[in-house]
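Just below is one structure, and these are the notes that go with it.
Values in this text are rule-based calculations from the coordinates and carry no lab data. None of the values given here were measured: they were computed from a predicted structure. Every residue, glycine as well, gets a Cβ built from its backbone with ideal geometry; the counts of neighbours run over all protein chains shown.
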Amino acid sequence: MLEEIRIRSLGVINDVVLELSPGLNVLTGETGAGKTMIITALNLVLGGKADVALVRTGAERADVAARIQMKEGHPARQIAFDAGAEIEEESAIFARSITAQGRTRALISGSPVNAATLAAMATEVISIHAQSASARLLRASAQRELLDQFGGTELKSQLDAYQSAYGAFRIAEGELNRVRESGALAAREVIEYQALVDDVEKHAPKADELRAIAVEISRLDHVDELREAARLAHIGISGGENSEAGALSLLASASRDLEKVQSKDLKLADIYNRLVDPIFLIKEIATEIASFESALDADPGRLESLQERKSVLTTLLRRYGISPTSEGDPLTTIVERANEASKILQARENLDALIGQASLELNLRREELATTAVNLTKSRHLYAEMVSERISAKIRELAMPNAMFSISIRSRVLDGGLVIGGEPLAFSSEGVDEVEMLLSAHSGGAPVPLAKGASGGELSRVMLAIEVVLASNSTVDTFIFDEVDAGVGGKAAIEVGRQLAELAMNAQVIVVTHLAQVAAFADAHYTVTKSEEGLVSESDVHRLTEGERVVELARMLAGQEQSLSAQIHAEELLEMARRV
């Protein structure tokens, strides 16, 4: 329930606090006084579009805050929790601001949220019907949504089952298309993939092979230089054939000389110990040099073979657009490409089996979708008949005694559609049904679509009848109507007021109206007036006493609040409303 709303610097409103009551709340006032701006403020704080033009001229920003009762367990609380906002009290504070520069901010009980969160929560607690609501009723999608709402949890479960099947169908359909596309290779592509696989299998490149070849070619190209350098190095370390001393023998002699006296001086002993280790290392190096020298072999055949292998591998890489000097290992890259090409070719060989499997899955999902579509359509037909009778009865009470309301449900044949009963039907995520609301406003008249056969006043009454019937299945606590009684007068206006009062028996109802016949049914009556400066401040919105209500209703009836006859008429309206 909407308990309170505070508005600052929004349009003609300067600073207003409006405390609302359970039951039927009515807002009245002269045209342009700011009544509708209160509805605009509610739209804003409930996640509606933020327009910088709403900020009052000269103000830095506009602020709207609404205190809404949401007891423990209310579904809107979970939405707030999921958005990171915590509601500790029984009421939540919805807040929205717009700066003159167009920046907006939204809060739930002090926690920042986005406007979408406000809107999601609002749909669980408040239903707003402005003058544009009747126009929305003319849309086919809105008519289908209303029918589904009438069906409550039972019809919702049928719709959920259909939509789950619809999602699975679309996934299976996408998988079949993917399999077909993966096998739909052009002949040229098949040849290219096969050539790559064949070439890689033929030449069998190994990881890092080019680098290893380059190292070995360099050794064979300079074998004489390497052998001579190794020979001289070995002589320098181990000594020559003519008994010339090498570095190793000289170091060994020095080691022996130090060994004799190293026990007599600690520093000298340290030097001796440090000399011993390099001698062993140099011995190992000499052995490795000798081994390297003996292994060197000037093999022209091996060199030619390596050069041919290098040429084969570089040609292979360039053939498939890979640079032999690219970063990483180009041979690893081409092997990976060949492996991927092999998988694609293998999949193509298994294409018929894969397509058959995907087609079977799609057919299963299509059958499941058709079954759930049939169940959904049956439920919609059942509720359409029930709802049509109830709405017709309500419309007749609204000064349309011969009106007949009905809901037509049809399906459209479409090639390639979902086959049901042997016919291919157009389908979407909402089912195969095209829902249309029809109205016969007069006795003997043929039912025609609302968009073609209903006047503005008739549409308003149909909308109100729908809301009254829908309220029995709705979890919404508050209904707000902004001049939905436009185009209605006389006896019909009294019936509109009575229906709003009936709706208010089960929910809070807030109505902006120009009709005294509607306002007479209010449980709480508020007036909105402008100050001399053309603004609405807190003192300009107040709840009327019984005596003040007579004066206000007289103004609404005759434009002359001091008229005795108008006041008598106003008192009669109030008395009539009390008796209903």
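Points worth noting:
- Counting only aspartates and glutamates at least 8 places from K452 when in the same chain, those with an alpha carbon closer than 15 Å to its own are E436.
- Tensor-based shape of segment 203-349 (alpha-carbon gyration tensor, a/c under 1.5 rounded, otherwise prolate or oblate): prolate
- Each Cα pair under 8 Å and six or more residues apart adds its sequence gap; the mean of these over the residue count of the chain is a relative contact order of 21 percent.
- Nonlocal amide H pairs with E4, under 5 Å, H built at 1.01 Å: L20, R67
- Acute angle (nearest 10 degrees) that the helix 115-125 long axis makes with the longest principal axis of the chain, alpha-carbon atoms: 40
- Residue-by-residue Karplus 3J(HN,Hα) for segment 234-239, coefficients 6.51, -1.76, 1.60, Hz, glycine and proline x: 5, 4, x, 8, 9, x
- For segment 492-508, Karplus couplings with θ = phi - 60° (6.51, -1.76, 1.60), whole Hz, Gly/Pro x: 4, 5, 4, 5, 4, x, 5, 5, 5, 5, 5, 4, 6, 6, 10, 7, 6
- Normalising the average separation of contacting C-alpha pairs (under 8 angstrom, six or more residues apart) by the number of residues puts the relative contact order of segment 208-328 at 32 percent.
- Projected onto its three principal axes, the C-alpha set of segment 78-210 covers 77, 40, 32 Å, listed from the longest axis down.
- Computed extension gain for S342 through R318, at 0.36 nm per residue and net of the alpha carbon distance, reaches 6.7 nm.
- Estimated [θ] at 222 nm from DSSP helical runs (n ≥ 4, -39500 (n - 2.57)) normalised by residues in the chain, nearest 500: -18500 deg cm²/dmol
- Ranked packing of 43-53, 415-425, 506-516, most packed first, by mean Cβ within 10 Å: 506-516, 43-53, 415-425
- Ratio Rg/Rh [Cα only; Rh per Kirkwood] for the chain: 1.37
- Around D160: net Lys/Arg minus Asp/Glu count, Cβ-Cβ under 13 Å: -2
- Axis angle, to the nearest 10 degrees, between helix 187-203 and the longest C-alpha principal axis of the chain: 30 degrees.
- Segment 265-403: proportion of alpha-carbon pairs further apart than 25 angstrom, %: 75
- Total formal charge among the other residues, if their Cβ is under 11 angstrom from that of R67, Lys/Arg +1 and Asp/Glu -1: -4
- Each peptide in 386-397, 493-504, 105-116, 193-204 was scored by the mean count of other Cβ atoms within 10 Å over its residues; highest first, the order is 493-504, 386-397, 105-116, 193-204.
- For the chain, the longest principal axis of the C-alpha atoms and the axis of helix 351-397 are separated by about 20°.
- For a paramagnetic label modelled on R396 (point 7 Å from Cα along Cα→Cβ), amide N atoms under 12 Å away belong, within segment 422-455, to 443.
- Scattering curve values for segment 324-479, log₁₀ I(q)/I(0), Debye with Cα scatterers, q = 0.13 Å⁻¹: -0.79
- Among beta bridges that DSSP assigns inside the chain, antiparallel share in %, nearest 5: 70
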